[in-house]
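Participant: If you scroll down you'll find the structure; I have some questions about it.
The values are calculated or read from the model by the stated rules, or taken from the named source; none is laboratory data. Just so we're clear, the structure is a prediction, and the values are computed from it rather than from any experiment. Cβ atoms come from the backbone with ideal geometry, glycine included; neighbour counts cover every protein chain shown.
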Amino acid sequence: MMRFIIAIILGGVILSLGGLLSAYYYFQEEIPRLPDSLAHATWQPPTEIYSHDGHRLATIGERTFVPLADISPHFLSAVLAAEDARFHQHRGIDPISFLRALAANLRHRRLAQGGSTLTQQLAKNLFLSFEKKWTRKLKELLLALQIEASFSKEDILEAYCNQVYFGGGHHGVEAAARAYFGKSAKHLTLLESAVLAGVPKSPNRFNPAANANRALKRGRFILDRMLAEGFITRQRRDQARQAGLTVLKRQPTADPNEYFTAFILSELENRFGREILNFGGLRVFTTLDTGLQQAAHHAAQKHAGFLKNHMPAREGTGPLEAAVVAIDNRTGAVRVMLGGLDSSRSQFNRALSRNRMPGSSFKPIVYMSAFENLGYHPGTVVVDEPVALEIPGVPTWRPQNFDGRYHGPVVLKKALAKSLNIVSVKLMHRLSPARVIATARKFGITAPLSRHYSLALGTSGLSPLDLASAYSVIANLGIYREPYFITRIEDPAGRSLFKHWVDNQRRFSEESLYPLLDMMQGVIENGSGRVVRRMGFIHPAGGKTGTTNEFRDAWFTGFTRSLSTSVWVGYDANAPLLGPGGKGVTGSHAAAPIWASFMSEAHAGRAPQEFPPPPGVRFEYVDAHSGAGVIKGGANALRLALGRRAALPRPPAMLLNASALRAPLGPASLGLRQPGSVPSSSTPKESGVLAAPAAEPSTPNFILTFD
């Protein structure tokens, strides 16, 4: 029986060798030619990441070559024990390891073990592409045999030690030893050698800077392997296991570009895999404008300092934070991604995080949904009054305006400028969350959105990137350009591996979207965003503030013809933003000044660019409360941008002066269906009570005027 098993194994080996020989003749034209020296081959051009304005943001994969004599013998023994204990016995392929890995893979029906020798790993890293195909694995085996036939074991081991990746951007044992332990590879202790030798198996998981305890546990396992393979004695193993391990801590920089660079590295790894990033010698050209990034960082730091000096100190809030994203409207290129005020303090990227509610910054999407689905327009009148929303199975919801006041009948343009919560809630009531979410998707928002009526007030988490991208659709009059971060990628020879192409997607017609754009210009000229003008920003712009419950988030998102920018300010601990006397700080005071300061710098030297109205749009002056046409210059006159089909209401039947109102407005009961349903729009309003979802009449029964 034993002879039969041995015969099967020998037969398998012979067949494998025959197969390799045949494969060599088949692939010989595709196998790279070996250099005269492996020392020269270990040098690989590093991967370099560049900004849009030509600055090098990062260099990944720089190497420091050291000869074998300048590498600790402890490390040489450790790496052999960890990676290839029979290195000196095989000729590039270890039949025992190969057959063991093959059996394990067949048993698990997946790639459970690699079985690669140290020579095979060198062949893969130095000479072959990183495509995951069986043909690449076969070429790797053939090249390993060729390397073994051409170079000594010392040459191969030396090359491997100088090119292997140790995590953290460090290639080669010399760079890793200096980065993690502050010493040359020649002076590594036995424990340090074992720890480093354990890193290549999973560089992100086992490198000492990422998790010293996990790396130490892996290193002790390598010590056991060294004992088992006869590289060290039990006494030396036990002494090393008891020794301490001191790992140098990397000091993060306060470079504002760090947030963007870290994101690009993760994008590259997700797209191409870790191997090609670390060994590929890529040239990556990104969209970041370092000048604009610096301007955003300066504006955010300056105003955050001002706020801190005027906000009472409180325990448990942590430092005040801010995030800024700016998108080039013409292309979708992300020019600014500021994930926080200090990357050395926190690497959490708030520019991409969707854990904060946008508040009223979401309202333009609600209004646009009303334009699309209900036929409303900026002159449609909605009554701003107390409401009670009765949803089956949920306690009655009584939303309020920010200041607790109610304005009675008001046209939608004025309602958005004043950020009236009740009007937004009423629109949501008539639309249903499902319709509003569908409109949000057309704006490019892919984040999960709750199917609750409170979505009208921005209660689903969005990121500054989400909002800047959505507002860019408004600036582009309905064209969505997906935000992107990488312009192109080249290999070491300059060949293009990737190039971004701008895709112009028409999501809304110009005529339907321009009225919303005009309304958002009104927010800056006469509404909650007018602080932007007080700070001296002169360019035509539209935007919207956002402040969430208990002042936990402060937003301002706005756009010009060229740039859409979103600013968030708050605490990571989700604590309220409170000023002197406990007064809450709003988006107008916390975020809009950062936006204005940054956008002023970004537009310095540029001529103001208007938003020309498209064909079919007309301008009319109406009374801000009745919606009826009036003469320009009247007390409540408001200019509206209207599409072809937008009709102004007839003059009201009566005018009711505010001082004549003796009793406050009573709450209108809004009976709501389940959030997922689409409400009907046919039920009329009766006696101030909505028995079922209904459309607000454009001409109310009375008009409330203010003295």
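Participant: Right, Pro483: outside the structural domain of Leu412 (by TED's automatic domain parsing), within 30 Å of Gly281 (Cβ to Cβ), touching a Leu at 6+ places or on another chain (Cβ under 8 Å) and modelled with pLDDT of 95 or more or not?
Facilitator: yes
Participant: Filter the stretch 148-157 down to residues that are out of contact with any Phe, Trp or Tyr (no Cβ under 9 Å at 6 or more places or on another chain) and not small (Gly, Ala, Ser) and give me whichever is surrounded by the fewest Cβ atoms within 10 Å (Cβ to Cβ).
Facilitator: Glu154
Participant: Can you tell me how many residues in the stretch 195-215 are under 20 Å from Thr119 (Cα atoms) and either touching a Phe, Trp or Tyr at 6+ places or on another chain (Cβ under 7 Å) or aliphatic (A, V, I, L, M) (or both)?
Facilitator: Here the count works out to 6.
Participant: State the number of residues belonging to the stretch 511-552 that are surrounded by fewer than 19 Cβ atoms within 10 Å (Cβ to Cβ) and of a type in the set (Asp, Glu).
Facilitator: 2
Participant: Can you say whether Asn207 is modelled with pLDDT under 90 and more than 19 Å from Ser346 (Cβ to Cβ), as far as the supplied structure shows?
Facilitator: So Asn207 passes the test.
Participant: Looking for whichever is in a strand (DSSP E or B), modelled with pLDDT under 90 and either surrounded by 15 or more Cβ atoms within 10 Å (Cβ to Cβ) or not assigned by TED's automatic domain parsing to the domain that holds Phe508 (or both) here; the options are Ser677, Ser669. Which one fits?
Facilitator: From the options Ser677, Ser669, the qualifying one is Ser669.
Participant: Restrict the check to the stretch 597-618 and report whether at least one residue is closer than 16 Å to Ala299 by Cβ, surrounded by fewer than 16 Cβ atoms within 10 Å (Cβ to Cβ) and at pLDDT 95 or above.
Facilitator: Yes, that holds for at least one residue.
Participant: Going through the stretch 587-635 one residue at a time, which ones are more than 38 Å from the chain's Cα centre (by Cα), among the aliphatic types (A, V, I, L, M) and over 19 Å from Leu412 (Cβ atoms)?
Facilitator: Matches in the stretch 587-635: Ile631, Ala635.
Participant: Could you please let me know if Leu389 is in a helix (DSSP H, G or I) and not assigned by TED's automatic domain parsing to the domain that holds Ala300?
Facilitator: Here the answer is no, as Leu389 does not meet what is asked.
Participant: Name every residue in the stretch 48-80 that is within 21 Å of Asp289 (Cβ to Cβ), hydroxyl-bearing (Ser, Thr, Tyr) and either touching an Asp or Glu at 6+ places or on another chain (Cβ under 8 Å) or not assigned by TED's automatic domain parsing to the domain that holds Pro492 (or both), in order of residue number.
Facilitator: Passing the criteria: Ser51, Thr59.
Participant: OK, next. Cβ-Cβ under 6 Å, sequence separation 6+ or interchain: first residue in the stretch 209-222 and of a type outside the set (D, E, K, R), partner in a helix (DSSP H, G or I). Which pairs?
Facilitator: Ala215/Val195; Ala215/Phe206; Gly219/Ala194; Gly219/Val195; Ile222/Ala78; Ile222/Ala82; Ile222/Ala194; Ile222/Ala197
Participant: Can you tell me how many residues in the stretch 406-440 are within 21 Å of Ile524 (Cα to Cα) and over 35 Å from the mean Cα position of the chain (by Cα)?
Facilitator: Residues meeting the conditions: 3.
Participant: Using the structure shown, decide if Val569 is buried (at least 24 other Cβ atoms within 10 Å of the Cβ) and of a type in the set (A, V, I, L, M, F, W, C).
Facilitator: So Val569 fits the description; yes.
Participant: When you go through Ser116, Ser77 one by one, which is the residue that is within 30 Å of Thr233 (Cβ to Cβ), at pLDDT below 85 and of a type in the set (Ser, Thr, Tyr)?
Facilitator: Ser116
Participant: Also: Residues that are in the same structural domain as Gly522 (by TED's automatic domain parsing) and touching a strand residue (DSSP E or B) at 6+ places or on another chain (Cβ under 8 Å): list the strands (runs of 3 or more DSSP E) wholly contained in the stretch 534-624 that include at least 2 such residues.
Facilitator: By residue number, 542-547, 553-559, 563-571.
Participant: Can you tell me which condition Asp491 does not meet? The list is (1) in contact with a Ser or Thr (Cβ under 8 Å, 6 or more places away or on another chain); (2) surrounded by fewer than 18 Cβ atoms within 10 Å (Cβ to Cβ); (3) in contact (Cβ under 8 Å) with a residue 60 or more places away in the chain, and all the others hold.
Facilitator: (1)
Participant: Would the stretch 394-411 turn up any residue that is surrounded by fewer than 22 Cβ atoms within 10 Å (Cβ to Cβ), in contact (Cβ under 8 Å) with a residue 24 or more places away in the chain, outside the structural domain of Pro515 (by TED's automatic domain parsing) and small (Gly, Ala, Ser)?
Facilitator: Checked the stretch 394-411: at least one residue is surrounded by fewer than 22 Cβ atoms within 10 Å (Cβ to Cβ), in contact (Cβ under 8 Å) with a residue 24 or more places away in the chain, outside the structural domain of Pro515 (by TED's automatic domain parsing) and small (Gly, Ala, Ser).
Participant: What helices (runs of 4 or more DSSP H) lie completely within the stretch 144-217 and have 2 or more residues being more than 36 Å from the chain's Cα centre (by Cα) and in the same structural domain as Lys124 (by TED's automatic domain parsing)?
Facilitator: 153-163, 190-197
Participant: Kindly list, by first and then second residue, each pair from a residue in the stretch 332-346 that is crowded, with 21+ Cβ neighbours inside 10 Å to a residue that is small (Gly, Ala, Ser) and at pLDDT below 95, limited to pairs with Cβ atoms under 7 Å and residues at least 6 apart or on different chains.
Facilitator: Short answer, once both residue conditions are applied: Gly340/Ser346; Ser343/Ala254.
Participant: Working carefully through the options Leu578, Leu563, find the one that is hydrophobic (A, V, I, L, M, F, W, C), under 17 Å from Ala475 (Cβ atoms) and touching a Lys or Arg at 6+ places or on another chain (Cβ under 8 Å).
Facilitator: Leu563
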